[in-house]
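Taking it in order: structure first as structure tokens, then the write-up.
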Amino acid sequence: MRLPPTAISRRRFLRGVGTAIALPWLEAMAPGPIASANAAARPPLRMAFFYVPNGIHMQDWIPAVEGTQFELPYILRPLEPFQKDLLVLSGLTLDKARPHGDGPGDHARAMASFLTGVQAKKTAGADIRCGISVDQVAAQKVGQLTRFPSLELGCEGSRQAGNCDSGYSCAYSSNISWRSETTPLPKEINPRAVFERLFGHGTPSEREVSRLKRDHYKKSILDLVAEDAKSLQGSLGGPDRRKLEEYLTSIREIERRLQEADRKPIQTPAGSISAPTGIPAQFGEHIRLMTDMLVLAFQADLTRISTFVIANEGSNRTYREIQIPEGHHDLSHHGGNKEKHEKIKRINRFHIEQFAYFLGKLKSVREGDTTLLDQCMIVYGSGIGDGNRHNHDNLPILLVGQACGKLRTGKHLRYPKETPLTNLYLSMLDLFGVPTEKLGDSTGKLQYLSL
Amino acid sequence: MDHRHLATLICGLYAVTWLPVPGAEQTPAQDSFAAQIRPFLAKYCYACHSGEKARAGLHLDQFRSEQDVLQKREIWEKVGRAVRSHEMPPKGKPQPSGEERNRLASWVEQHLSKVNCSGPRDPGRVTLRRLNRTEYRNTIRDLTGVDYKPADDFPGDDVGYGFDNIGDVLTLPPVLMEKYLRAAEEIVEQVWAKPELRKKVFPVTAPANQPGARRGVLRQNLEYFAKRAWRRPVTQTELNKLLSLVELARTNGDDPETGIKLALQAVLVSPHFLFRVEQDPEPGQRIRALNDFEVATRLSYFLWSTMPDDELWTLAEKGKLLEQDVLEKQVRRMLQSARIRALAENFASQWLQVRNLASASPDPTQFPGFDDELRRAMYMEAVLFFETIAREDRSIADFLQADYTFVNERLAQHYGIPGVQGPEFRRVELRNGTRGGVVTLAGVLTVTSNPTRTSPVKRGKWVLENILGMPPPPPAPDAGELSEDPKVVESAPLRVRLEQHRRNASCAVCHQRMDPLGLALENYDAIGAWRERDGKFPVDASAELPDGTRFNGPQQLKEVLKTRIQDFRRCLTEKMLTYALGRGLEYYDKCTVDDIVKALAQKGDKFSVLVLGIVKSDPFLKRRGKEERP
């Protein structure tokens, strides 16, 4: 694929005036290797968080030994090509998913606390409250470097009727990203919608035609309605004001993006990519297509931060593709039944296979003299250990990618009991250039990641 | 705290005798706190939760009376829960007996549900509600004539209290705002491309001989559009601001049409369109009555999931809508309109949970007959059944048992009803009681089954939650499941395996209430078809409740449910009030619910009594200010 000439000249121009940091990382699309590895033009670090529900059959997840000489157990075996690129982290705990007086509701709490380390307020709707999530901490600090501060992706929409989990609003068990303690960020589940969001709709020429003027008009509209919202905010109180704040924040975000578009026109990273048509019928294909979108977004440097919910917490979907007609959640309460163990294992492995596909894609993209995977750190895991016990300690957690050479991967590390999962996130935020004192229940950074 | 939640807590206690939840009527002795509760706290709690170093900042020693407890409802909900669930006192500390625990927890539950209905009532406060996907699409359709299908791809609206129209849960993240912007652009383009739609949106035309009147006409048209979109009159200032966009286009060298389209887009992404705005009371005033326009909007979104129609609008403009007989007449008109389908599609489909049919996935090897056609037919049956009760103003007891239902050929086949041909639905009379009423809808029986087998537990739970309004608490995480081992499955019928499960005392309390209700439905397989055998065992649909009530099969189950009509009235009222208000119910809503339940009992349980009771209630017609409560 050839880099459009305009982009090259723009790039040279930008370098000339010393603002290369703000450049999208386009080397991967350049015709040949980049000759001078300018320090400032190093590929940026990306982070992503993958979530799977209902816990994991841990006996087939945890490697038998620690250190570098470990064998990947049944569930993780599809990751063999990436064994050198990953860390299996055992012993981490999500304390805020435990009841602490709030009774049942482990699924909702697990998902809500997974990236926040904060205990979800028990409410079926009024006054939902959790905490800011690690991805959003990063997005709010460095998200403005890319067109989208972060992407929230997933493969299951919100539940359609009934209660989600024991008196907890469905907002807790279908969202993993929290922009603030009161605002969860919903995920996009349609690959076509993601593509259009990333690269616009219509033909490439239509996309650019009179864009500047249209953007100018759009800004005027946004200014006008933002005024309306502000004046409403003055007259309304409490939660209403918060809703209007959400509205205003969204408006500001879009305005920022319009400005960004003026500076950096959108580039579709590969000529061969065409917009997906919608949600594929097969679940595996759906997951893979969504990860394709994420690879594209990383590749074109449209975002550096993403969350990805493979299925909502408590999901009871069936897995026909691998001949499992029972619901995942029903199965996860296995009561020690062997046949159910077997099926859960296969579902766990099915998810990992799709994840392996994603990693393979990342690895196939060259960035400078490394691969896109090398510039990533990707968490994969669940906020529940064993689906039957609903425990939240010794969680299944992977960290994949060398984070631009900052992580020493290829190991199985076991941490002391009760080490907060959020400690991992503090370390990641540090690597990401967003040092943070505390996230939820964190107690410090996680050791041994970079040794 | 809402009633359903309370009911959850109380399950354990009242399960054994299967009594109704005690209400405020049972007044305990004067300040029972000092007599009954403080000794417990002193014995088991003060050691950690008192004094300067009270753990978790919880100063239980500072509570001295019932009144103190009622001031801190949130804390006490948690205390009751923690003690009931054995979470507190922690292991290693002196433990209260089971009876002591129950006494504390039930005292807390009873007192938190207490409310005085004789004084001024708290109407509550509904959080600013964003239009959900359905409401957005319907509103755009009625406002512009454009059926905007991409609205289905908007990010999912999260569900709270069982419904997807709850103000607190409906957020507006950037990804959705982007979609609103794009939608506004596309919708306005579509309107402009079609003369008939253009005329609907901009009905005023300039007199042919007065070209100079164009500006005035534009102003009138824009005002007409904006006031309908914002569901209230617009001010001249607001109008001028919109017109400034027309000016902006002109100064950029574009034609007036470009500017007009910008103004229309601005109307459609304004917070006044996307949210249902209701003004707060004036400072110093605690409660205000909603005005005609606000009530027209509440009414219209409650019953039709869309903006007010011309008739409601005209009455609101004349200031007549709030007159009692006018309001009642309008509600009756709305109930009889074809648009009441929206209440079935949006309220009933969530109440009955048949909306989950969309993701139901019965095992294709066991149920090869289940396909999308049948899935749709099951859904339609539920919708049409509900719609009929609403439109014909029938008794809500029909939900429990009815001698009619709606089928097309596909569903009739599934039910074994002969003589029905073609894909269109029709009403059929039922003779033998195996169908009719919501508990025997194939859709309900399907969404309460596992993919591979029926689940008497899920069905029983569904009845408790959605018919009797007494949801059982969730199981302990390690409660264990029924064995699915083929050897075990073949060794005994499902009911026997359930009985084994019930032997565990901690499970028994609730399962004794749930399982019988589901077991009586065992004649329906996991997709709701009638069966006489389950695997190699004949179906046994007999059941016995903890109070000794025995029944066998669906007909008798329905008879039992009919004796519980008072619980059903309350349950349905609570669900519909939640949906109508877009917020969870609070303890003070009990007065409203009580009034409606009483009215239903007195007036033949007519559907319109329920809806009118809601519409004429304080929570529906009034609004409380920011933080204060009366």
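The values are calculated or read from the model by the stated rules, or taken from the named source; none is laboratory data. This structure is a prediction, so every number in the text was calculated from the model and none was measured. Cβ coordinates were reconstructed from backbone atoms using ideal geometry, including for glycine residues, and neighbour counts include every protein chain displayed. Heads up: the accessible areas ignore ligands, DNA and RNA and are worked out on the full protein's heavy atoms, side chains in. Shrake-Rupley method; radii C 1.70, N 1.55, O 1.52, S 1.80 Å.
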Karplus-derived HN-Hα couplings along the stretch B:315-329 (A = 6.51, B = -1.76, C = 1.60, θ = phi - 60°), whole Hz, x at Gly and Pro: 4, 5, 4, 7, x, 10, 4, 7, 5, 3, 6, 5, 4, 5, 4
To the nearest whole percent, what portion of all C-alpha pairs in the stretch A:125-179 is separated by more than 18 angstrom? 45
Please state the relative contact order of the stretch B:111-192 as a whole percent: Cα pairs under 8 Å, 6+ residues apart? 29
Spin-label point model (7 Å from Cα, Cβ direction): what's the A:ARG366 to B:LYS626 distance in nm? 6.2
At a Förster radius of 41 Å, what calculated FRET efficiency corresponds to the Cβ-Cβ distance of B:ARG502 and A:GLN447, to the nearest 0.05? 0.25
Leaving ligands, DNA and RNA out of it, work out the accessible area of B:ARG332 with a 1.4 Å probe and give it in Å² to the nearest 10. 90
Size of the B/A contact, given as accessible area buried on both chains, probe 1.4 Å, in Å²: 6700
Could you sort B:GLU499, B:GLU66 by their accessible area in this structure, using a 1.4 Å probe and putting the largest first? B:GLU499, B:GLU66
Karplus 3J(HN,Hα) series, Hz, for the stretch A:78-88 with 6.51 cos²θ - 1.76 cosθ + 1.60 (x for Gly, Pro): x, 8, 3, x, 10, 4, 6, 9, 10, 10, 9
What number does the stretch A:98-201 give for Rg over Rh if you use C-alpha atoms and the Kirkwood radius? 1.01
Given H placed 1.01 Å from N in the peptide plane, which residues other than close sequence neighbours of A:SER180 have an amide H under 5 Å from its amide H? none
Using bins 5 angstrom wide from zero, how does P(r) for the stretch B:252-346 break down, in % of all Cα pairs? 2, 12, 17, 17, 16, 14, 9, 7, 4, 2, 1
How far is the Cα center of the stretch B:94-157 from the Cα center of the stretch A:108-184, in Å? 19
For the stretch B:329-385 and the stretch B:511-561, compute the distance between their C-alpha centroids and round to whole Å. 24
Sorting B:PRO39, A:PHE358, B:LEU572 by the position of each Cα along the dipole of the protein assembly as shown (Lys, Arg +1; Asp, Glu -1; all at Cβ), the one nearest the positive end of that ordering is A:PHE358
How long is the gain from B:ARG182 to B:ARG426 if the chain were fully straight, where each residue apart is worth 0.36 nm and the alpha carbon distance is subtracted? 83.8 nm
Note down the accessible area of B:ILE467, probe 1.4 Å, to the nearest 10 Å². 0
Report for the protein assembly as shown the percent antiparallel among DSSP-assigned beta bridges with both residues inside it, nearest 5. 60
Nearest 0.05, what FRET efficiency do B:THR237 and A:GLU342 give at R0 = 56 Å with Cβ-Cβ as r? 0.25
Positive dipole terminus of chain B, leading residue within B:GLY57, B:GLY582, B:VAL169 (C-beta point charges): B:GLY57
Report, by chain and number, residues whose modeled amide H sits under 5 Å from the one on A:TYR319, excluding near sequence neighbours (fewer than 5 apart, same chain). A:ILE324, A:GLU326
Suppose the chain between B:ASP325 and B:ARG141 were pulled fully straight at 0.36 nm per residue; how much longer would it get relative to their current alpha carbon spacing? 63.3 nm
If ligands, DNA and RNA are left out, what is the accessible area of A:ILE322 with a 1.4 Å probe, given in Å² to the nearest 10? 30
Please tell me the relative contact order of chain B in percent, rounded to the nearest whole number, where contacts are Cα pairs under 8 Å and at least six residues apart. 18
Given unit charges at Cβ for Lys, Arg (+) and Asp, Glu (-), the dipole magnitude of the stretch B:578-624 about its Cα centre in debye, nearest 20, is 180
Just tell me which lysines come within less than 26 Å, Cα to Cα, of B:LYS114; anything on the same chain fewer than 8 places away is out. A:LYS121, A:LYS122, B:LYS72, B:LYS78, B:LYS575, B:LYS590, B:LYS598, B:LYS616, B:LYS622, B:LYS626
For A:LEU151, distant residues with modelled amide H under 5 Å away: A:ILE305, A:SER306, A:THR307
With a bin width of 10 angstrom, please list the P(r) values of the stretch B:149-273 as percents of all Cα-Cα pairs, from the 0 bin to the one holding the largest distance. 11, 37, 32, 14, 5, 1
Once you place label points 7 Å from the Cα toward the Cβ at B:GLN36 and A:GLU321, how far apart are they in nm? 5.6
Relative to the Cα centre, what is the charge dipole magnitude of the stretch B:328-396, using +1 at the beta carbon of each Lys and Arg, -1 at the beta carbon of each Asp and Glu, and rounding to the nearest 20 debye? 480
Can you give the convex hull volume of the alpha carbon atoms of chain B per residue, in Å³? 204
Which angle from 0 to 90°, rounded to the nearest 10, does the C-alpha axis of helix B:372-391 make with the longest principal axis of chain B? 80
When the dipole is taken about the Cα centre of the protein assembly as shown, and only Lys, Arg (+1) and Asp, Glu (-1) are charged at their Cβ, what size is it in debye, to the nearest 20? 1440
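Given axes a ≥ b ≥ c from the Cα gyration tensor, I'd like to know whether the stretch B:40-96 is rounded (a/c under 1.5), prolate (a/b larger than b/c) or oblate.
Working: a/c = 1.80, a/b = 1.29, b/c = 1.40.
Oblate, since a/c reaches 1.5 and b/c is not below a/b.
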Nitroxide proxy distance, nm - points 7 Å out along Cα→Cβ at A:GLU71 and B:ALA54: 5.8
P(r) for the protein assembly as shown, please, calculated from all Cα pair distances in 20 Å bins and given in %. 12, 41, 37, 10, 0
note: the stretch A:325-451, Cα-Cα separations exceeding 16 Å make up a percent value of 70
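At a 1.4 Å probe radius, which order do B:PHE425, A:PHE82 fall into by accessible area, largest first?
If we order B:PHE425, A:PHE82 from most to least accessible, we get B:PHE425, A:PHE82.
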For chain B, the longest principal axis of the Cα atoms and the Cα long axis of helix B:590-602 enclose an angle in degrees, to the nearest 10, of 90
How large is ³J(HN,Hα), in whole Hz, for each residue of the stretch B:182-189 in order, when computed from phi with the Karplus curve 6.51 cos²θ - 1.76 cosθ + 1.60 and θ = phi - 60°, using x for Gly and Pro? 5, 4, 4, 4, 5, 5, 5, 4
